[in-house]
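For reference, the structure is listed below as structure tokens.
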Amino acid sequence: MTQPSVILATASYDHTIRFWEAKSGRCYRTIQYPESQVNRLEITPDKRYLAAAGNPHIRLFDVNSTSPQPVMSYDSHTSNVMAVGFQCDGKWMYSGSEDGTVKIWDLRAPGCQREYESRAAVNTVVLHPNQTELISGDQNGNIRVWDLTANSCSCELVPEVDTAVRSLTVMWDGSLVVAANNKGTCYVWRLLRGTQTMTNFEPLHKLQAHDGYILKCLLSPEFCEPQRYLATASSDSTVKIWNVDGFTLEKTLVGHQRWVWDCVFSVDGAYLITASSDTTARLWSMSTGEDIRVYQGHHKATVCCALHDGAESTTA
């Protein structure tokens with residue numbers, strides 16, 4: 001099976017993962033995932049594997065195979081896994097779960113290598129571009145920085161007491177972090193390097209982005225420069241695109257009929273893919289704000305999407 005240059009996958013409450021031809025909208029592979037819902041999808045940097053975060057497992061599927069079976073299962077979480085991602089050369093994976101832990105997994109070995117206690121259900125985890133810090137957000141409103149070198153929590157902040165942090169995103173150059181919460185608010189900090197390696201948060205902006213929940217916030221990638229955008233996906237069925245310079249509203253993407261759970265930029269920031277409770281995923285042009293493709297095939301809410309349309313980053 002020849003590997004497509006663009007890998008686009010979605011997962012739904014219908015217990016399937018679907019792979020799509022991004023341009024044509026054709027679904028070319030469906031994986032049944034009977035044992036739980038899938039909360040999050042992520043593609044490895046080398047484009048070989050797709051991680052599906054479920055309850056309570058993480059399964060790794062071969063992107064270029066037709067086999068319905070996972071190639072590996074990661075099993076030590078005890079509740080819904082809400083976050084999953086990879087270190088830049090794909091050697092290890094991180095995850096966050098409603099069991100209150102953040103874990104690190106060596107992809108070449110079974111079992112969990114490290115575990116950090118957040119003491120509340122973890123909704124979101126991102127890896128700082130320096131590859132040495134994980135930032136987590138939880139149901140109690142805590143944001144924590146986990147220093148992987150010191151193997152400890154190096155920073156803790158609570159932007160809004162008792163308001164769940166739903167999503168975190170870090171600018172590709174490590175200059176900004178944004179946290180989105182259940183009240184439709186985004187908190188923006190400048191990230192400053194202290195005298196040690198520890199990251200310091202300097203408050204920069206508070207943005208009332210939506211009236212409903214923000215389910216995902218995402219900063220644009222490096223190849224989108226000099227434009228810098230923040231996308232916010234909401235329970236109000238819209239996605240808003242904000243200019244990071246001043247946090248002014250650039251566009252509102254209207255087309256989904258129900259909650260928008262997830263979004264992902266193309267590698268150049270020219271397109272955005274979204275996943276919604278209306279069962280569809282959509283491809284949007286960032287320049288026009290129009291949807292140019294609708295991916296239809298799921299029978300229930302589509303809650304997560306993953307896209308890798310860049311070059312494979314392989315280990316040297």
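The values are calculated or read from the model by the stated rules, or taken from the named source; none is laboratory data. Treat the numbers as computed from the prediction; the structure is a model and nothing was measured. Using ideal geometry, Cβ is built from the backbone for each residue, glycine included, and neighbour counts are taken over all protein chains shown. Accessible surface is based on the protein model in full, side chains and every heavy atom, while ligands, DNA and RNA are left aside. Shrake-Rupley method; radii C 1.70, N 1.55, O 1.52, S 1.80 Å.
Yes/no matrix, rows are residues, columns are (1) within 13 Å of the chain's Cα centre (by Cα); (2) of a type outside the set (S, T, N, Q); (3) open to solvent by 20 Å² or more (accessible area, probe 1.4 Å):
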| residue | (1), (2), (3) |
| --- | --- |
| Gln131 | no, no, yes |
| Trp146 | no, yes, no |
| Ala150 | no, yes, yes |
| Glu160 | no, yes, yes |
| Leu168 | yes, yes, no |
| Asn181 | no, no, no |
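Quick one: in the stretch 76-97, which of the residues that are open to solvent by 50 Å² or more (accessible area, probe 1.4 Å) and closer than 25 Å to Trp261 by Cα is nearest to the chain's Cα centre (by Cα)?
Out of the qualifying residues, it is Cys88.
Mind listing whichever residues of the stretch 17-50 are among the aliphatic types (A, V, I, L, M), assigned to a loop (DSSP other than H, G, I, E, B) and closer than 21 Å to Tyr94 by Cα? Give the steps one after another, and end with the answer.
Within the stretch 17-50, the first condition is being among the aliphatic types (A, V, I, L, M), and the residues that meet it are 17, 22, 31, 38, 41, 43, 50.
Filter once more, so that each one left must be assigned to a loop (DSSP other than H, G, I, E, B): 22, 38.
The answer is Val38, and nothing else.
Could you please tell me which pairs satisfy a Cβ distance under 8 Å, a separation of 6+ or placement on different chains, a first residue in the stretch 242-266 that is without any contact (Cβ under 8 Å) to a residue 24 or more places away in the chain and farther than 28 Å from Ala311 by Cβ, and a second residue that is among the aliphatic types (A, V, I, L, M) and surrounded by fewer than 23 Cβ atoms within 10 Å (Cβ to Cβ)?
Qualifying pairs under 8 Å: Leu249/Ile241.
Out of the stretch 233-250, which residues are over 20 Å from the mean Cα position of the chain (by Cα) and assigned to a loop (DSSP other than H, G, I, E, B)?
Asp245, Gly246, Phe247
Condition first: in contact with a Pro (Cβ under 9 Å, 6 or more places away or on another chain) and farther than 22 Å from Val165 by Cα. Can you find one or more residues in the stretch 198-221 that meet it?
Scanning the stretch 198-221, I find no residue that is in contact with a Pro (Cβ under 9 Å, 6 or more places away or on another chain) and farther than 22 Å from Val165 by Cα, so the answer is no.
Please give the number of the condition Val267 fails out of (1) over 17 Å from the mean Cα position of the chain (by Cα); (2) open to solvent by 20 Å² or more (accessible area, probe 1.4 Å); (3) aliphatic (A, V, I, L, M).
(1)
All but one of (1) part of a strand (DSSP E or B); (2) charged (D, E, K, R); (3) out of contact with any Gly (no Cβ under 8 Å at 6 or more places or on another chain) hold for Asp14; which doesn't?
The one condition Asp14 does not meet is (1).
Quick one: would you say Leu230 is surrounded by fewer than 21 Cβ atoms within 10 Å (Cβ to Cβ) and not in a loop (DSSP other than H, G, I, E, B)? It would help to see each step written out before you state the result.
Working: surrounded by fewer than 21 Cβ atoms within 10 Å (Cβ to Cβ): no; not in a loop (DSSP other than H, G, I, E, B): yes.
It is false that Leu230 is surrounded by fewer than 21 Cβ atoms within 10 Å (Cβ to Cβ) and not in a loop (DSSP other than H, G, I, E, B).
Which condition from (1) more than 22 Å from Arg26 (Cβ to Cβ); (2) part of a loop (DSSP other than H, G, I, E, B); (3) at pLDDT 95 or above is the one that His299 breaks?
Evaluating His299 over (1) more than 22 Å from Arg26 (Cβ to Cβ); (2) part of a loop (DSSP other than H, G, I, E, B); (3) at pLDDT 95 or above leaves (1) as the failure.
Within the set of pairs 6 or more residues apart or between chains, which connect a residue that is under 11 Å from Leu230 (Cβ atoms) inside the stretch 197-217 to a residue that is among the hydrophobic types (A, V, I, L, M, F, W, C) and open to solvent by 70 Å² or more (accessible area, probe 1.4 Å) with Cβ atoms less than 9 Å apart?
Pairs that qualify, where the first residue is under 11 Å from Leu230 (Cβ atoms) and the partner is among the hydrophobic types (A, V, I, L, M, F, W, C) and open to solvent by 70 Å² or more (accessible area, probe 1.4 Å), are Ala209/Leu249.
Mind checking which residues of the stretch 146-197 are charged (D, E, K, R) and outside any strand (DSSP E or B)? Let's see the steps before the verdict.
Initial filter on the stretch 146-197 (charged (D, E, K, R)): 147, 156, 160, 162, 166, 173, 183, 190, 193.
Scanning the stretch 146-197 gives Glu160, Asp162, Asp173, Lys183.
Only residues that are over 19 Å from Met82 (Cβ atoms) and touching a strand residue (DSSP E or B) at 6+ places or on another chain (Cβ under 6 Å): list them for the stretch 137-155, please.
Filtering the stretch 137-155 down to residues over 19 Å from Met82 (Cβ atoms) leaves 147-152, 154-155.
Scanning the stretch 137-155 gives Asp147, Ser154, Cys155.
Select from the stretch 108-125 the residues that are closer than 26 Å to Asp46 by Cβ and within 19 Å of the chain's Cα centre (by Cα) and write down the one among them that is surrounded by the most Cβ atoms within 10 Å (Cβ to Cβ).
Looking at residues that are closer than 26 Å to Asp46 by Cβ and within 19 Å of the chain's Cα centre (by Cα), I get Val125.
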